[in-house]
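Below: one structure, written as structure tokens.
The values are calculated or read from the model by the stated rules, or taken from the named source; none is laboratory data. Keep in mind the model is a prediction, meaning the values are calculated, not measured. Heads up, the Cβs are rebuilt from the backbone with ideal geometry, glycines too, and the neighbour counts pull from every protein chain shown.
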Amino acid sequence: MSTRGHCILSHGFESGPDATKVTALADVADRFGWTHERPDYTDLDARREVSELGDVFARVERLHALAKAAAARGPLLLAGSSLGAWISGQVSLQVPVKGLFLMAPPIAMGKAPPLQAAKVPVSIIHGWHDELIPAAAVFDWAASRDAALLMVDDTHRLSDHVQASADAFAALLARF
């Protein structure tokens, strides 16, 4: 069976590659004929001597290496939750991607650069009651990029909207 492309699904801070949301996205990728991988960043998140969010730039480097190799083989889509969304956006500027799927994306993150992303189709799901990332900031960022944006009645973890996240991801994959 030929593949339509490859998805790299990046978990959030202090989460893991078997987290509920990225697992749901992996199931969607399978259904749509995309291969996928879920990198493990837990070792980097534990590096609190670097910052309160662990070694963020080592996360970017790890994703960049995986994305560069995957993009050499064919179409690539990056997806991530929270810090995983931020690194996906950063890497999309360095490696050719078909699209981005961002869950609860941090628009601003301390001393790190603000969220950036390649000019590709972007789909976002974000909670109106996100206690870490203001909904208005995500709305403004999405509007400036003409990104697809699904705002839901949830908090940062989007735990009540795992299926909605999977459905939004499916809609993005269906575009390709």
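Just a few scattered comments:
- Residue identified as aliphatic (A, V, I, L, M) and part of a loop (DSSP other than H, G, I, E, B) among L44, L25, L53: L53
- Qualifying residue in the range 160-167 (condition: under 15 Å from the mean Cα position of the chain (by Cα), crowded, with 23+ Cβ neighbours inside 10 Å and either under 22 Å from A24 (Cα atoms) or modelled with pLDDT under 95 (or both)): yes
- Which listed residue is touching a residue at least 24 places away in the same chain (Cβ under 8 Å) and in contact with a Pro (Cβ under 8 Å, 6 or more places away or on another chain), from L93, L173, L149, L115: L115
- Filter result (part of a helix (DSSP H, G or I) and within 14 Å of the chain's Cα centre (by Cα)) within the range 143-159: none
- A118 meets all of the listed conditions (1) closer than 23 Å to I8 by Cα; (2) among the aliphatic types (A, V, I, L, M); (3) in contact with an Asp or Glu (Cβ under 9 Å, 6 or more places away or on another chain) but one, namely (3).
- Odd one out for A142 among (1) in contact with a Ser or Thr (Cβ under 9 Å, 6 or more places away or on another chain); (2) crowded, with 19+ Cβ neighbours inside 10 Å; (3) hydrophobic (A, V, I, L, M, F, W, C): (1)
- Residue check: R59 meets all listed conditions (1) touching a Phe, Trp or Tyr at 6+ places or on another chain (Cβ under 7 Å); (2) charged (D, E, K, R); (3) free of Cβ contacts under 8 Å to residues at least 12 places away in the same chain but one, namely (3).
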